[in-house]
Structures are given as C-alpha cells and as structure tokens.
Amino acid sequence: MAAGVLFGVGTASAGTLSGTLYRDPDTPVARWLAANPNDSRASLINSRIASQPATRWLSNFNVNTVQAEVSSYVGAAVNAGRVPALTVYGIPNRDCGGASAGGAPDLPTYQTWVNGIARGLAGRTTLIMLEPDSIALQTCLSSGEITARDQALATATRTLKAAGAKVYLDGGHSAWNSASEQARRLANAGVGDGDGFYTNASNYQSTAGETSYGRSVLSSLNGRGITGKRQVIDTSRNGGAAGDWCGDDNTDRRIGRYPTLDTGDAGIDAFLWIKPPGEADGCRYSAGSFQPDLAASLATGASDPPTTPPTTPPTTPPTTPPTTPPTNPPAGACGATYVTSSSWQGGFQGQVTVKAGGAAINGWSVSWTLASGQSVSQVWGGTLSVSGSTVTVRNASWNGSLQPGATAEFGFIASGAAGTSGLACAA
C-alpha cells in the first residue's frame, strides 16, 4: 500500500478513502505566480487556488514519455506521504473534436499509452479520473464506435486497477444525461471493474445537486447488479452560478468546496478539483491554458481554505474480508492474498495481491485449483494458463520485478461460486 493512502469502508463520515491529497508544486498556476510575484492578483490566487491540490492531467498524448511522467509525479506524492490524483485524457476522438480535441490516433495506440501509465504507477495507489466526457458525450460516435470505446475504457479500467489505481469513470453531471441512462452507459463501459464514477468535471452544478444525482446513478447501478461503487465530485468551480458549460467569459463562477477525502458521505469518496481553477475551457482562451483573470474571478469572495486538510482514518475493516488469509512469504519467495471484489449470480470478480518476501524477485506465478463449476474467462495484470482444474497466472511484462516486500496485483473474472482453493505463489 502506498504511503499516505489508507483504506477503509464507507462510514457515516467518509467514503472508502482517507489521507491528504497531494499538491503538485509544478503546476501552471505555480509557474505563473513564480513569474508574477508583484501582480495585484497574486496573493488571492496563491492563498485560495495554488495552495490547494488539483488533479494532474495526462492530456498531452505521448506514448514514449507517459510512464516517466506518471512515475515521477506518483513517486513525489508517495515520498511526501500524500495521495496522488490523475485525470487521464487521451481517448481517440476526444471531446468529439471540440475545443479539447486530440488524444490517441486509434484504440490500440491508446491501450499502449494506458499500459505506460500502469507501468508508471508500479503498484502505488493513485486516484484516477478516467477520460472526462468519454461516456456522457457520445453524440459524434456510431453504435459500433460506442461499443469499441466502451471496450477500451473497460480494458483501461482493469489495466489501471491491476497497477494499483482507484479508477473512476465519467459520470457526466446532473444537468446532462438522466441517472438511469448514465448508469447504463457506465455499466457498458466497465464500471463494475472500477471503483465508481466522477461527476461535474469542468462544470458548475452544485454539490448538493451532484450528490443527489450520484445517489440516483448508484441506485440504478445497484439495480443492474453493480454494487459497492462510490462517487467523486468535482467542486473546483461550483461555488457560484450554474448554467452554460463554458466559464471563460463568466464572472459569476466561484471555487466550491476545497478538495478533501473527508466527504462526510458514505457514497462519496472525494471532493476533488478535477479541473484546476483558472484553466480555460476553450471558448475565449485556449483550452487548458492558465488565465490569471479567470483564477482571480473564481477566488474572489470565496472562503479561505482550511489551515490543515482534514483526514478521517478508517475505523472498521473492509466489508469483504479476504477469502484466503494473507500469506507471510519466506525470504526469497512470494506470497499471494485473494479477495472477492464483486460477485453476481453465476460469477464473480477476484483480485490477487502478490508480495515479495525478504529478497527481490524477477518474476512470479500464482496457481490455484478450480472448484466444480468454476472457470476463468478473463485476466488482467498477468497471463493466464489452465491445465485441467489448475489455474496459473504469471506476471505481466511490467509487474514481475518486485523489491523485497513490494506488491503487484492482478484481477480476473470467473464463473461459478466465488473463491479460490489452494492459492500458491512461486518466484
């Protein structure tokens, strides 16, 4: 588990996360402040915007550099004992060719890019907001293209989950698609394999409205047999008026609730600043560019941030305990721990954590015996082989080398009753 990241179950005071979010010191707003210390707006922007954590956007599509970028950012957060958060924004036909057009040239290249992100995570827990507008905005896609995108998002979700991420998919917002329609789209895009969905990214709907909408989406997902999911709400610009989507020319917008994992709601994992305040939407200014007049407008009249970011440590154990007790591996070997992450009539999803012992390992495999009626149909984070009733999953190319005590994860979908028998790890 990454430093600074604590996991518990949803309680009356928080969702499934606790800890302090990471504030990146190298952001457009920080660079502007460094270059303009005497600007009359600098003090306001510094105290109410630059002082707060916002998600780092991976939006400049480059297969060759994304692993290093992610590794550097996540490493800095972990070293600081903080929780990193990324917004992944590189899906082909991004924004339906609008102001934020771009992304990968095709879906296979997109998956290569996602694999690079996963390698950069290297098992370190990170919050990932996966592809804003990719599910709520589909007007430019044919039915076949929607299906292909859904499959790509589902694969990306599983890949990033296996690399240690908490993954949330695009939930639109309360003034867009109906809750039932958004739930249908989320289900098709693989939210069952993720941790939930985020809403209000780059938008201005009130937190109360988004909370109500999120509960309706969760209810619709529950009706589809998809349970245990949580919501994340973007509060970066929803402290003033709502209305049209573009804020470049609006002076009645304000920053909303400051970012925190202490949400006070069991169904909400985080209030995040997904869209960094002061970065343009693409109407009056270039999309994503930092504009001090927008930042100052958002900060004007807002309350001062809390002096110490609140944290609420978990007080109860996970609701789904490990089916197999954790294994304490001897030096030079590895151990494996299994949990059932979700189940349904006739099938289940499992997650296995591999842990190196007292020496580094350069490859691992985990085997177990299938019970009567069980079969494994899909694996991510590893490669599958089956011999009779014995299942073996070997490491993927990017997660086989582990330092002493380090962990890797893989997941799988299987038919039959949930659980494993005789789980064993070999290095």
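The values are calculated or read from the model by the stated rules, or taken from the named source; none is laboratory data. Quick caveat, the model's predicted, so the values are computed rather than measured. Cβ placement follows ideal geometry from the backbone for every residue including glycine, while neighbour counts extend to all protein chains displayed.
Couple of notes before you dig in:
- Breaking point among (1) farther than 25 Å from Ala287 by Cβ; (2) out of contact with any helix residue (DSSP H, G or I) (no Cβ under 8 Å at 6 or more places or on another chain); (3) in contact (Cβ under 8 Å) with a residue 12 or more places away in the chain, for Ile226: (2)
- Some residue of segment 407-417 being within 23 Å of Arg224 (Cα to Cα), in contact (Cβ under 8 Å) with a residue 60 or more places away in the chain, in a loop (DSSP other than H, G, I, E, B) and outside the structural domain of Ile117 (by TED's automatic domain parsing): yes
- Close pairs (6 angstrom Cβ cut-off, 6 or more residues apart or separate chains): over 15 Å from Gly381 (Cα atoms) in segment 149-160, outside any helix (DSSP H, G or I) anywhere: Asp150/Ala189; Leu153/Ala189; Leu153/Gly190
- Members of segment 75-105 that are among the β-branched types (Val, Ile, Thr) and free of Cβ contacts under 8 Å to residues at least 60 places away in the same chain: none
- Test for Ala165: is it among the aliphatic types (A, V, I, L, M), within 15 Å of the chain's Cα centre (by Cα) and within 21 Å of Asp269 (Cα to Cα): yes
- Condition check for Thr126: modelled with pLDDT of 95 or more and more than 27 Å from Ala80 (Cβ to Cβ): no
- Among the residues of segment 77-93, those identified as on the phi < 0 side of the Ramachandran plot and over 18 Å from the mean Cα position of the chain (by Cα) are Asn79, Ala80, Pro92.
This table checks each residue for (1) in contact with a helix residue (DSSP H, G or I) (Cβ under 8 Å, 6 or more places away or on another chain); (2) of a type in the set (D, E, K, R).
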| site | (1), (2) |
| --- | --- |
| Phe348 | no, no |
| Ile361 | no, no |
| Ser372 | no, no |
| Trp380 | yes, no |
| Thr392 | no, no |
| Glu409 | yes, yes |
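- The set of residues in segment 168-184 that are buried (at least 24 other Cβ atoms within 10 Å of the Cβ) and either of a type in the set (Ser, Thr, Tyr) or not assigned by TED's automatic domain parsing to the domain that holds Ala152 (or both) comprises Tyr168, Ser174.
- Among the residues making up segment 39-57, those that are among the hydroxyl-bearing types (Ser, Thr, Tyr) and surrounded by fewer than 18 Cβ atoms within 10 Å (Cβ to Cβ) are Ser40, Ser43, Ser47, Ser51.
- For Val66: the one exception among (1) crowded, with 22+ Cβ neighbours inside 10 Å; (2) touching a residue at least 60 places away in the same chain (Cβ under 8 Å): (2)
- Checking Ala154, Ala165, Ala187 one by one, the residue that is crowded, with 24+ Cβ neighbours inside 10 Å and in the same structural domain as Trp273 (by TED's automatic domain parsing) is Ala165 and no other.
- Residue in segment 393-407 that is modelled with pLDDT under 80 and exposed (fewer than 14 other Cβ atoms within 10 Å of the Cβ) present: yes
- Among (1) under 20 Å from the mean Cα position of the chain (by Cα); (2) in a helix (DSSP H, G or I); (3) not hydrophobic (A, V, I, L, M, F, W, C), the one test that Ser219 misses: (1)
- None of Ala371, Ala359, Ala331, Ala336 is modelled with pLDDT under 60 and among the hydrophobic types (A, V, I, L, M, F, W, C) except Ala331.
- Check on Thr235, over 17 Å from the mean Cα position of the chain (by Cα) and assigned by TED's automatic domain parsing to the domain that holds Ser59: no
- Residue list for segment 190-221, filter: aliphatic (A, V, I, L, M) and either in contact with a strand residue (DSSP E or B) (Cβ under 9 Å, 6 or more places away or on another chain) or assigned by TED's automatic domain parsing to the domain that holds Val339 (or both): Val191, Ala201, Val217, Leu218, Leu221
- Residue selected from segment 416-427 under the condition of a type outside the set (A, V, I, L, M) and farther than 11 Å from Gly350 by Cα, by the criterion surrounded by the fewest Cβ atoms within 10 Å (Cβ to Cβ): Gly422
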